[in-house]
1. Restricting attention to segment 50-79, report how many residues are loosely packed, with under 13 Cβ neighbours inside 10 Å, over 20 Å from D146 (Cα atoms) and acidic (D, E).
2. Does at least one position in segment 82-90 carry a residue that is of a type in the set (D, E) and either surrounded by 14 or more Cβ atoms within 10 Å (Cβ to Cβ) or touching an Asp or Glu at 6+ places or on another chain (Cβ under 6 Å) (or both)?
3. Among the residues of segment 66-116, how many are in contact (Cβ under 8 Å) with a residue 12 or more places away in the chain and farther than 22 Å from H39 by Cα?
4. Residues in segment 19-41: is at least one more than 23 Å from the chain's Cα centre (by Cα), surrounded by 10 or more Cβ atoms within 10 Å (Cβ to Cβ), modelled with pLDDT under 80 and not small (G, A, S)?
5. Go through (1) surrounded by 13 or more Cβ atoms within 10 Å (Cβ to Cβ); (2) over 15 Å from the mean Cα position of the chain (by Cα) one by one and return the number of the condition Y123 breaks.
6. Tell me, please, whether a residue that is of a type in the set (D, E), assigned to a loop (DSSP other than H, G, I, E, B) and closer than 28 Å to I41 by Cα can be found in segment 87-105.
7. Which ones in segment 40-60 are in a strand (DSSP E or B) and either touching a Ser or Thr at 6+ places or on another chain (Cβ under 9 Å) or of a type outside the set (D, E, K, R) (or both)?
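The values are calculated or read from the model by the stated rules, or taken from the named source; none is laboratory data. As the structure is a prediction and not an experimental result, all values here were calculated from the model. When we count neighbours, we look across all protein chains shown, and the Cβ atoms used for this are built from the backbone with ideal geometry, even at glycine.
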Amino acid sequence: MKKINVFLAFCTVMALSACKGPTGPQGPAGRDGIPAGWHNIVLTIDNADWELAGGGSNEIGSYFRYVFDVPELTADVYDEGIIVCYYELADDQGVVVSTPLPFTIYDIVTDDQKNEYPYSIHYSYDVTPGVGKNPGTIAFKLTFSDFFTGDFGPPAICKFRLALVY
């Protein structure tokens, strides 16, 4: 019984001494349920736009790279916000699916003699904030599991969606 009384006394003290302060100011209004500091930027890379980097074709460490200038990518967004990038691809029914990066696609190539060769393509990105009058950049990197960059080449078209929340 003594434990119950101590427990009730403790609960009473906690309830009476709960902290409550003044309500803060209301934040800025959003648009259609989207926060005021939210931006979606769609970025498309064509096959010919990818640049071979990290060595020559089919060399260990070789990969494809493409860099976009993104003026919205300021130091404030980089330091105080959230930056997420998605790879957008269509499924078997043509529905566009957004997958957050980094992302890896697994596939198998079959040659003329019906030999199968499994491989993967890994998509990643690096972000650099803008400094002064220079815009921020986002660099996409596409790496093959076996580094045979010359045999496969980059995909025909890659679509990415950059989400900035600040």
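1. 3
2. The answer is yes, given that some residue of segment 82-90 is of a type in the set (D, E) and either surrounded by 14 or more Cβ atoms within 10 Å (Cβ to Cβ) or touching an Asp or Glu at 6+ places or on another chain (Cβ under 6 Å) (or both).
3. Within segment 66-116, residues that are in contact (Cβ under 8 Å) with a residue 12 or more places away in the chain and farther than 22 Å from H39 by Cα number 5.
4. Within segment 19-41, none of the residues are more than 23 Å from the chain's Cα centre (by Cα), surrounded by 10 or more Cβ atoms within 10 Å (Cβ to Cβ), modelled with pLDDT under 80 and not small (G, A, S).
5. If we test Y123 against (1) surrounded by 13 or more Cβ atoms within 10 Å (Cβ to Cβ); (2) over 15 Å from the mean Cα position of the chain (by Cα), just (2) comes out false.
6. Taking segment 87-105 and keeping what is of a type in the set (D, E), we get 88, 91-92.
After this cut, where a residue has to be assigned to a loop (DSSP other than H, G, I, E, B) as well, the list is 91-92.
So of that shortlist, the ones also closer than 28 Å to I41 by Cα come out as 91-92.
Yes, segment 87-105 contains a residue that is of a type in the set (D, E), assigned to a loop (DSSP other than H, G, I, E, B) and closer than 28 Å to I41 by Cα.
7. Once the filter is applied, which keeps residues that are in a strand (DSSP E or B) and either touching a Ser or Thr at 6+ places or on another chain (Cβ under 9 Å) or of a type outside the set (D, E, K, R) (or both), segment 40-60 yields N40, I41, V42, L43, T44, I45, L52, A53.
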